[in-house]
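Beneath this line is the structure, given in structure tokens, with notes to follow.
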Amino acid sequence: GSAETWTHAHPSGEVEVFLDPVLPPATLVIVGAVHIAMALTRLAKVLGFRVVVIDPRRRFATSERFPEADALLMQWPDEGLRAAGLNPSTAVAVLSHDPKLDDPALLAALRSPAGYVGALGSRRTHARRRNRLLEAGLKEAELERLHAPIGLDLGGGSPEEIALSILAEIVASR
């Protein structure tokens, strides 16, 4: 937010009001401690994001793989997302590529106040995911918030290029 000052008439005379909103830090919550998530964490930290990584799989969610993460939650995505406390300055990137993790994460994130929700996957994967989420009771309007396939189409293929496309879309959507 930007600071502003305005004058307000008051019975005892004019009062000058100064308002300087302090927003919570932009937070990126990543579901799925996969290879792309490692690159995404590094790049998001460079851009000043607080980064939370959620994955119940112990061999993926390690501090060796994610030394820069602010929090590493070894929980099921829906529990982890509740613990992360999603708000309008939170972006959620769902990257596990496993419906057992992705679907509960998307159901929770798309019903939350998170400012951005995106999921990895091809258009074909997304069409199947769409049907599963609607069958699970997600409303069409909630589903429309989903950025899928995640990221701007930069044509990149490496984890770092994919991470850049995801962060570019998150920044553009803010």
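The values are calculated or read from the model by the stated rules, or taken from the named source; none is laboratory data. Computed from a predicted structure; not experimentally measured. Reconstructed Cβ throughout: ideal geometry from the backbone, glycine too, with neighbour counts over all protein chains shown. Quick note on the areas: whole protein, heavy atoms, side chains included, nothing else; ligands and nucleic acids left out. Shrake-Rupley method; radii C 1.70, N 1.55, O 1.52, S 1.80 Å.
Every condition in (1) modelled with pLDDT of 95 or more; (2) among the hydrophobic types (A, V, I, L, M, F, W, C); (3) not in a loop (DSSP other than H, G, I, E, B) is met by PHE66 except one, and the failing one is (3). For segment 131-174, a residue qualifies if it is of a type in the set (Lys, Arg), free of Cβ contacts under 8 Å to residues at least 60 places away in the same chain and either crowded, with 16+ Cβ neighbours inside 10 Å or closer than 20 Å to PRO88 by Cβ (or both), and the qualifying residues are LYS139, ARG145. When PRO88 is tested against (1) open to solvent by less than 60 Å² (accessible area, probe 1.4 Å); (2) under 24 Å from LEU152 (Cβ atoms); (3) of a type outside the set (A, V, I, L, M), only condition (1) is not met.
If you check PRO11, PRO67, PRO77 for being farther than 22 Å from SER173 by Cα, without any contact (Cβ under 8 Å) to a residue 60 or more places away in the chain and surrounded by 15 or more Cβ atoms within 10 Å (Cβ to Cβ), only one passes: PRO77. Summed over segment 91-126, the residues that are touching a residue at least 40 places away in the same chain (Cβ under 8 Å), open to solvent by 30 Å² or more (accessible area, probe 1.4 Å) and more than 14 Å from ILE170 (Cα to Cα) give a count of 2.
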